[in-house]
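The values are calculated or read from the model by the stated rules, or taken from the named source; none is laboratory data. Because the structure is predicted, anything quoted here is derived from the model rather than measured. A quick note on method: Cβ atoms are made from the backbone with ideal geometry, for glycine too, and the neighbour counts reach across all protein chains shown.
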Amino acid sequence: MNTAGPPLIEFRGASYTYRRGEEGEIPAVRGVDLRIERGEFIAVVGSNGSGKSTLAKMMNALLVPTEGEVIVDGKSAADDDKVWDIRRTVGMVFQNPDNQLVSTTVEEEVAFGLENLGVPTEEMHEAIDRVLAEIGLGEVRHREPHNLSGGQKQRVAIAAVLAMQPECIVMDEATSMLDPRGRIDVMDTVKHLCREHNLAVVFITHFMEEALEADRVVVFSEGTIVADGTSSSVFGDGIDLNAVGLDVPVVTALARGLNERGYAVDRTITGLDDLVEAVCQLRSKT
Ligand code: ADP
Ligand code: MG
């Protein structure tokens with residue numbers, strides 16, 4: 001992670017209120033201050049309706065704050081001239097893969113955004129080859145996206161974003177409709193992109209086990225950030241997750257349960273290996 005210079009994305013007292021006739025005002029995001037650095041892998045967790053998707057859409061100017069500011073790579077989301085720059089810098093992958101794939105082959109799907117940008121044909125072919133190889137989709141490049149598995153579809157969506165050479169990719173519950181295998185493949189793909197290409201990843205999820213993989217976890221509740229830190233600080237003991245409608249990861253719940261029954265097990269353990277080690281230590285002491 002490169003923390004030199006200004007943050008890649010900065011929320012400064014940013015709010016978003018939906019305004020709808022009958023329902024009146026719905027303050028979905030309320031006065032958020034948040035800095036996301038280049039190359040950072042950050043998970044955002046929060047119960048349904050806590051404002052995660054609204055927050056995500058504010059990261060690439062799909063929504064402009066109704067109060068405060070969101071600055072992406074030095075550009076304000078409120079500046080109409082900068083919207084396209086911002087959307088290129090921060091790509092989004094959504095929950096339902098079928099709603100975001102528009103082309104008849106995988107290759108065309110990746111070409112789509114590049115064509116819109118007017119990238120010359122030669123360059124476009126190079127970019128497609130590079131991106132498909134990177135994401136491990138070379139073998140399916142001529143297939144129809146809708147015939148692929150859920151995990152493959154989401155990797156096609158990631159490839160299409162990656163072709164635009166973004167600095168950040170926001171995954172809005174992008175694994176929630178996938179089977180376990182597909183979830184692991186998508187997670188491995190984003191981890192690889194983060195580590196090898198210094199791509200910032202904002203991974204919105206309601207699977208606590210996925211959030212544990214991130215360098216940093218932000219907990220969102222009723223439109224505000226209620227915890228922000230490493231996964232062991234947030235899941236360990238930092239905050240009452242049940243109070244904000246979330247589960248404690250299974251490993252941590254087990255560590256806490258043992259601790260509460262008087263066993264000398266650190267209640268902030270989040271990793272399976274660490275828990276196994278702690279339990280083995282107990283045995284060697286008896
Ligand atoms: P999450 O992604 O955490 O489930 P959302 O950002 O989708 O949360 O929603 C936050 C709040 O804003 C909820 O109360 C939701 O009903 C409301 N909301 C979301 N989208 C709209 C919309 N297009 N119009 C009005 N209200 C909305
Ligand atoms: Mg959502």
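Go through the residues of region 193-216 one by one and say whether even a single one is in a strand (DSSP E or B) and within 24 Å of Arg267 (Cβ to Cβ).
Checking region 193-216: at least one residue is in a strand (DSSP E or B) and within 24 Å of Arg267 (Cβ to Cβ).
State all residues of region 235-247 that are surrounded by 18 or more Cβ atoms within 10 Å (Cβ to Cβ) and either modelled with pLDDT under 90 or hydroxyl-bearing (Ser, Thr, Tyr) (or both); if no residue qualifies, say none.
Phe235, Gly236, Gly238, Ile239, Leu241
Among (1) away from ligand 2 (no atom under 16 Å from the Cβ); (2) closer than 20 Å to Val102 by Cα, which single condition is Glu167 missing?
In the conditions (1) away from ligand 2 (no atom under 16 Å from the Cβ); (2) closer than 20 Å to Val102 by Cα, Glu167 misses (2) alone.
Quick one: count up the residues across region 7-51 that are more than 16 Å from ligand 2 (Cβ to nearest atom), under 17 Å from Val202 (Cβ atoms), part of a loop (DSSP other than H, G, I, E, B) and out of contact with any Lys or Arg (no Cβ under 9 Å at 6 or more places or on another chain).
Final tally of qualifying residues: 1.
Among the residues of region 77-93, count how many are aromatic (Phe, Trp, Tyr) and either closer than 10 Å to Cys168 by Cα or surrounded by 17 or more Cβ atoms within 10 Å (Cβ to Cβ) (or both).
Matching residues across region 77-93 total 0.
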